[in-house]
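Notes to accompany the following structure.
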Amino acid sequence: MSVLVYAELTEGQTKKSTLEAVYYGAQIAQKRGTDCVAVAIGPADEGVLQGLGAYGASKVLHASGEAFAQFQSRTYAKAIADAASQAGADIVVLSHNSSGKALAGRVAIRLDAGLASGVSGMPSGEGALTVRKPVFSGKAFAEVEVLGDKKVLSLNPNSFQPQAGEGSAAVEAFNPDAAPADAEVLKRETLSGDVVPLPEAELVVSGGRGLKGPENWGIVEELAQALGATTACSRPVADTGWRPHHEHVGQTGVAIKPNLYIAIGISGAIQHLAGVNQSKTIVVINKDPEAPFFKAADYGVVGDAFDVVPRLTEAVKRQQQS
Amino acid sequence: MKILVCVSKVPDTTTKIAFTDNNTKFNEAGVQFIANPYDEWYALVRAVELKEQLGGEVCVINVGPAANEQVIRKCLAIGADKAIRVDAEPSDALFVAKQIAAQASGYDMILLGKETIDYNGSVLGGMLAELLDLPYVSLSSKLEMDGTSATITRDIEGGKEVLKVSTPFVASAQKGMAEARIPNMRGIMQARSKPLEVVAAVDAQPGSKVQSYALPEAKGDVKLIDPEQMDELVRLLHEEAKVI
Ligand SMILES: Cc1cc2nc3c(=O)[nH]c(=O)nc-3n(C[C@H](O)[C@H](O)[C@H](O)COP(=O)(O)OP(=O)(O)OC[C@H]3O[C@@H](n4cnc5c(N)ncnc54)[C@H](O)[C@@H]3O)c2cc1C
């Protein structure tokens with residue numbers, strides 16, 4: 001029984017979340033003494049697919065027919081389930097990103113499999129499979145046993161750092177019957193250039209109501225730019241239209257797990273913390289020493305953001321030059 | 001237009017999470033329960049708005065024990081016309097999907113929130129769509145109807161996509177789809193007499209089971225840095241935390 005990983009392609013390329021999923025699947029396969037097979041759907045150069053070998057895939061099934069040119073959850077889910085059957089896989093791994101969220105439930109139903117979504121740890125157990133995932137929007141963890149002969153796991157972005165090794169995967173054409181599309185795509189817009197989307201970002205600079213108004217976001221953006229970080233905000237900031245909705249992090253916004261989260265002028269309400277407290281390192285900049293966020297922080301600066309943030313930006317630039 | 005809205009019951013967002021029975025059970029003592037915000041604020045309110053515009057009916061469905069009826073009544077007060085409660089413990093997403101799928105025929109649209117704030121699964125919509133062989137649009141932030149076709153904006157990795165999809169379909173809703181509504185007195189009065197049908201569960205097995213829970217490890221004390229010493233903060237982030 002092998003492990004099958006859905007290796008998502010974005011405009012023919014693999015992204016970090018894809019490599020994380022492949023690496024995670026390969027680690028599980030290795031522990032179980034079996035192979036990790038990837039399935040890639042849509043157009044891509046063979047070299048890109050072979051490259052998945054460095055992350056542990058021994059083989060890549062590549063569905064590149066006309067019907068697979070564009071993401072459609074019904075079509076892609078059937079192809080993934082068919083690939084699992086062809087590869088003789090009893091475990092299927094996807095990323096718990098936007099497309100994984102559209103696919104995982106469908107794949108589980110197709111395979112009559114048990115499912116744990118948004119997992120963040122390596123599975124334990126020999127026959128039975130138990131795996132850790134954050135619950136209550138990051139306020140706690142659960143050890144979830146996945147039931148059934150077949151199992152689907154979707155992996156939270158930024159849970160594992162994929163390690164590239166040696167090796168090249170064998171690429172095999174894969175032509176399953178295509179299930180009908182869900183919808184007609186009228187338009188697709190991606191964020192400009194090299195901005196890393198929040199769920200995948202390793203560095204995040206976030207602003208709250210303490211910044212007083214949208215005209216003051218320059219200092220946040222300059223710090224983010226100096227670090228190569230993605231910008232985020234608290235809920236009231238998005239609700240009042242100071243910043244776009246997709247930047248809203250927290251229990252009712254995007255849940256994130258960066259290596260570094262810098263919170264500027266954010267009080268640290270329980271609903272905000274729920275979405276960000278899995279960050280590896282948290283820096284809080286707030287003028288109120290009693291702000292609850294300091295209790296969840298690794299490093300704190302008590303001071304006026306308008307003063308502290310530009311100075312921090314300068315310090316970052318100095319460090320980069322040295 | 002007949003719309004089915006799936007609503008889950010979850011602990012209020014201010015809840016301090018704790019566990020009992022050797023960390024195998026969520027401690028419900030003193031916890032206030034609410035309708036899952038994504039289900040209520042976005043899926044339900046958008047469904048009610050569409051009904052107000054186009055006519056039709058909104059039915060709310062919940063899988064859970066009788067105690068959930070308080071949350072269901074609130075959904076009726078917000079403007080749903082009727083409700084179904086499947087009388088069973090919602091043991092996991094797969095079990096719930098099979099229960100809802102058994103009640104879901106004959107609707108033009110099935111809406112639900114993008115995830116619940118307790119188990120954060122984000123998989124129920126896909127399961128329903130596959131069980132019912134329907135299109136699924138996940139993470140929708142805008143939905144407009146034109147006859148039997150819907151134009152929906154949804155999140156994709158690092159961007160947005162605008163789709164055209166024909167009824168019937170399943171869509172999961174998030175911020176942007178609608179604005180939360182507070183039920184008014186008239187709605188609350190009417191909700192008491194709206195039909196709430198209780199149906200028995202169909203035979204189904206869960207696909208997962210929580211073995212135990214844990215709370216995150218407490219953070220050590222925060223290290224305070226003098227606002228004049230930003231070079232020191234950068235040094236710590238680089239050398240101690242190793243994140244930049
Ligand atoms: C059901 C529900 C769900 C929610 N979900 C979310 C969610 O997902 N995400 C979220 O963020 N919130 C959420 N909230 C809202 C949350 O409760 C808080 O209201 C919100 O997080 C506060 O945002 P804030 O910290 O930006 O603003 P405030 O609480 O107003 O804090 C502003 C902070 O800025 C500091 N400050 C002011 N001026 C300066 C200055 N010059 N320099 C430095 N610091 C300064 C102040 O000391 C203060 O600590 C939710 C609430 C509810 C009821």
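Has the range A:141-157 got at least one residue that is open to solvent by less than 20 Å² (accessible area, probe 1.4 Å) and of a type in the set (D, E)?
Checked against the condition, which is being open to solvent by less than 20 Å² (accessible area, probe 1.4 Å) and of a type in the set (D, E), the range A:141-157 yields no hits at all.
Go through the range B:40-134 and tell me which strands (runs of 3 or more DSSP E), entirely inside it, have 1 or more residues that are in contact (Cβ under 8 Å) with a residue 12 or more places away in the chain, touching a strand residue (DSSP E or B) at 6+ places or on another chain (Cβ under 9 Å) and surrounded by fewer than 21 Cβ atoms within 10 Å (Cβ to Cβ).
Filter on the range B:40-134 gives B:57-63, B:82-87.
Which one of B:P65, B:P90 is of a type outside the set (G, A, S), over 17 Å from the mean Cα position of the chain (by Cα), away from the ligand (no atom under 16 Å from the Cβ) and closer than 27 Å to A:K133 by Cβ?
Going through B:P65, B:P90 in turn, just one is of a type outside the set (G, A, S), over 17 Å from the mean Cα position of the chain (by Cα), away from the ligand (no atom under 16 Å from the Cβ) and closer than 27 Å to A:K133 by Cβ: B:P65.
Among A:A201, A:A183, A:A178, A:A169, which is the only one that is facing chain B (nearest Cβ under 8 Å) and away from the ligand (no atom under 16 Å from the Cβ)?
A:A183
Among the residues of the range B:187-244, what is the count of those that are in a loop (DSSP other than H, G, I, E, B), of a type outside the set (D, E) and within 10 Å of another protein chain (Cβ to nearest Cβ)?
Residues flagged as in a loop (DSSP other than H, G, I, E, B), of a type outside the set (D, E) and within 10 Å of another protein chain (Cβ to nearest Cβ) within the range B:187-244 amount to 16.
Would you mind stating whether A:S154 is at pLDDT 95 or above, more than 7 Å from chain B (Cβ to nearest Cβ) and farther than 19 Å from B:G126 by Cα?
no
Can you list the helices (runs of 4 or more DSSP H) lying wholly within the range A:2-120 that have 3 or more residues being open to solvent by less than 20 Å² (accessible area, probe 1.4 Å) and in contact (Cβ under 8 Å) with a residue 12 or more places away in the chain?
A:16-31, A:73-87, A:98-111
From (1) under 15 Å from the mean Cα position of the chain (by Cα); (2) more than 8 Å from chain B (Cβ to nearest Cβ), pick out the condition that doesn't hold for A:S124.
(1)
Can you work out which of the residues in the range B:1-11 that are more than 10 Å from chain A (Cβ to nearest Cβ) and not small (G, A, S) is nearest to A:G268 (Cα to Cα)?
Applying the filter and picking the extreme gives B:K9.
Residue check: is A:L186 aliphatic (A, V, I, L, M) and outside the structural domain of A:Q225 (by TED's automatic domain parsing)?
Yes, satisfied.
Checking B:K160 against (1) part of a loop (DSSP other than H, G, I, E, B); (2) open to solvent by 40 Å² or more (accessible area, probe 1.4 Å), which single condition isn't satisfied?
(1)
Taking A:G265, is it farther than 21 Å from A:S137 by Cα, at pLDDT 95 or above, assigned by TED's automatic domain parsing to the domain that holds A:E314 and surrounded by 21 or more Cβ atoms within 10 Å (Cβ to Cβ)?
Here the answer is yes, as A:G265 does meet what is asked.
If A:T130 satisfies every condition in (1) more than 7 Å from chain B (Cβ to nearest Cβ); (2) open to solvent by 10 Å² or more (accessible area, probe 1.4 Å); (3) part of a strand (DSSP E or B); (4) of a type outside the set (F, W, Y) but one, which is the exception?
(1)
Mind checking which residues of the range B:143-157 are closer than 14 Å to A:A102 by Cβ, in a strand (DSSP E or B) and among the acidic types (D, E)?
B:D155
In the set B:E28, B:E49, B:E40, which member is more than 16 Å from the ligand (Cβ to nearest atom) and farther than 27 Å from B:Q211 by Cβ?
The match here is B:E49.
Please work out which residue is least open to solvent (accessible area, probe 1.4 Å), limiting yourself to the range B:164-186 and to residues that are in a loop (DSSP other than H, G, I, E, B) and away from every other protein chain (no Cβ under 14 Å).
In this case the residue turns out to be B:P183.
Would you mind listing the strands (runs of 3 or more DSSP E) fully within the range A:204-322 where at least 2 residues are within 12 Å of another protein chain (Cβ to nearest Cβ) and more than 8 Å from the ligand (Cβ to nearest atom)?
The strands (runs of 3 or more DSSP E) meeting that bar are A:260-264, A:281-286, A:299-302.
Go through (1) within 23 Å of the chain's Cα centre (by Cα); (2) open to solvent by 70 Å² or more (accessible area, probe 1.4 Å) one by one and return the number of the condition B:D226 breaks.
Of the numbered conditions (1) within 23 Å of the chain's Cα centre (by Cα); (2) open to solvent by 70 Å² or more (accessible area, probe 1.4 Å), the odd one out for B:D226 is (1).
The values are calculated or read from the model by the stated rules, or taken from the named source; none is laboratory data. What you see is a predicted model, and the numbers here were worked out from it, not measured in a lab. Note: ideal-geometry Cβ built from the backbone for every residue, glycine included; neighbour counts use all protein chains shown. We work out accessible area using only protein heavy atoms, side chains counted, and drop any ligands, DNA or RNA first. Shrake-Rupley method; radii C 1.70, N 1.55, O 1.52, S 1.80 Å.
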